[in-house]
Amino acid sequence: MNVAKTGGLIDRRKLIAVGGAMLLAGCKIIPGGGVSKSPDPVPTPTPSANIPSPLPTDTARHRVALLVPMSGTNGAVGQSIANATTMALLDTSAESLRITTYDTAGGARAAAQRAVAEGNKLILGPLLSEDVGQVLAEARPANVPLITLSNDTAVAGPDVFVMGQAPEQSIQRTVDYARSRGSSRFAAIVPEGEYGQRAAAALRASVITAGGTVGAVETYARGNTSVVSAASRLAAKGGYDAVLIADGARFAAQAATVLKPRATAGVQLLGTELWSGESEVTRAAGLRGAWFSAMSDARFKRFSDSYKARFGGAPYRVSTLGYDGVLLALRIARDWKPGRSFPVARLRDEGGFLGLDGAFRFGRNGVVERTMEVREVRNGQVVIVDPAPAAFGN
C-alpha cells in the first residue's frame, strides 16, 4: 500500500470557484446545495504524504491517480475523498495499489499531465465535470481511462466512466415504485436551470416507460417564493395524482404547503436524491407520506464512525465514491498486470461491483447504474419502504 500527495505549486489566481456554499451534488452545480450532509471534515494529511516526487520506481504496484481539488473552494471535499481512498487501502490491507493524489485546484490539465507522466494507468476523478475535458486532453493520448466522481452523464464516453449519483436514476426508481402503488398521472415542479431540465426529462422518460402519463411541469426561480407560485399554478391545473418536487427539503416543503395543505391522503408527493440526509424533510407536515429514492446508507454510518476516529472530523457524503473507486480498482487488479494499460472492458462487468453505497455497475454508455432504496417520510422520520436490491438481477 502506498499513498502519495503531489501538486505543490499552485497558482492561486486560477483556483476553481464553484460558487456559493458548495452548490455541489455529485460534483455538478445543481440545486440542493450539498455534497455534504455532515459538518466539514478536518483536513488531515494522508499517510506517507511526504513521499518525495517524482514517484519512486515501483514495478509491483498499480499506479492510480486521484484528481481532486485539495485547496480553494472545494479543498475540504477533495481532502475528504483523499482520506477515504486512504481508508480503503488500510481497511483492505492492499499491497497492489499506489494511490497518488493530484491537486486540480491549480489547473486540472496540469494535474493530469503530471499524473500521466508519473506512470498512472487509471484516473479517479476529476471531481468537477467541467474539468473532464482538460483531464482527457492529457489522459486520452496516453490511453489512461477516467472514472469521474461527477454525476454529469453528458461527459460519459468510451474512456470516461461517470460514478456520481445521477438524479435520473433516483427519479426512475421512485416513479417505478409509485406506479406499483397505483399512481398513474404525474406532474412536476422543477427549478430553472440544468438540474431542473434533467429532472423533468427523467420524469417524462421514466413515466412513459412505466406506462403512466405526464401532465404539467411548472418551473420556478430558486432563491425566492416563486416555488409557491409554481405550486399554485400546478394546483389550479390539476389532473395528476403524483407530483415530483425536484429540489431540496426547504423548497419542497414550501411547495407542499400548497399541494398538500392538510398533510392528509390525496396527491402523492415525490422527491429526489437531494432529500437524502436532510432533517427538514421530517419536520415539514406537508411532506408526510412522500417518497424518494437514494443510495443505501446501510454501510455509511460505520464508514463515517471510522473516518471520524481516524481523521477527527465528519466525512462528506460524496467521499464514499473515493473509497468505492479503490475497491473497484482492487477488484480489477486481480487480472491486471502492473505497468500495463488498465483493462477498461472489465468495468462493464454486467454482474457489477459492491461498495459502501451498495451494488453498482457501468453501462455501455459509461454511466453508473446503482441499486437504490425507496424511502418514505413517516411520523417524524424517514423509513425504508423498498430496500435496495443486494445485486443486479441481470
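Beyond 23 Å, the tail of the calculated P(r) for segment 237-329 holds 40 percent of the Cα pairs. Roughly how many percent of the accessible protein surface of segment 85-131 is carbon and sulfur, given a 1.4 Å probe and a whole-percent answer? Its accessible area is 47 percent carbon and sulfur atoms.
Find out how many positive minus negative residues lie around Arg222, taking Lys and Arg as positive, Asp and Glu as negative, among other residues whose Cβ is under 11 Å from that of Arg222. So the surrounding residues net to -1. The slack between Thr282 and Lys337, meaning 0.36 nm per residue of separation minus the straight C-alpha distance, is 14.8 nm.
Where does the charge balance sit around Gly212 when Lys and Arg score +1, Asp and Glu -1, over other residues with C-beta under 15 Å from its C-beta? Net charge in that neighbourhood comes out at +3. What segment 215-363 shows is 40 Å² of accessible area per residue, with the surface traced by a 1.4 Å probe over protein heavy atoms. Ligands, DNA and RNA excluded, the heavy atoms of Asp159 present near 30 Å² of accessible surface to a 1.4 Å solvent probe. Give the shape of segment 237-276 as rounded, prolate or oblate, defined through the alpha-carbon gyration tensor: a ≥ b ≥ c are the square roots of its eigenvalues, a/c under 1.5 means rounded, and otherwise the shape is prolate if a/b is larger than b/c and oblate if not. Note, shape of segment 237-276 comes out prolate. The aspartates and glutamates whose alpha-carbon is closer than 17 Å to the alpha-carbon of Lys121, local same-chain residues fewer than 8 away aside, are Asp58, Glu95, Glu138, Asp159, Asp335. Note on segment 300-376: with neighbouring protein chains present and a 1.4 Å probe, carbon and sulfur make up 47 percent of its accessible heavy-atom surface.
In a DSSP loop and with at most 11 other Cβ atoms within 10 Å, the trypsin sites (Lys or Arg not before Pro) in segment 275-365 are Arg334, Arg340, Arg364. Rolling a 1.4 angstrom probe over the protein heavy atoms with all chains in place gives segment 81-210 an accessible area of 31 Å² per residue. Surface composition of segment 142-195: carbon plus sulfur atoms contribute 43% of the solvent-accessible area (1.4 Å probe, protein chains only, all chains present).
The values are calculated or read from the model by the stated rules, or taken from the named source; none is laboratory data. All values reported here derive from a predicted model rather than from experimental measurement. Virtual Cβ from ideal backbone geometry, glycine too; neighbours counted across all protein chains shown. To get the accessible areas, we keep the full protein, side chains included, count just its heavy atoms, and leave off ligands, DNA and RNA. Shrake-Rupley method; radii C 1.70, N 1.55, O 1.52, S 1.80 Å.
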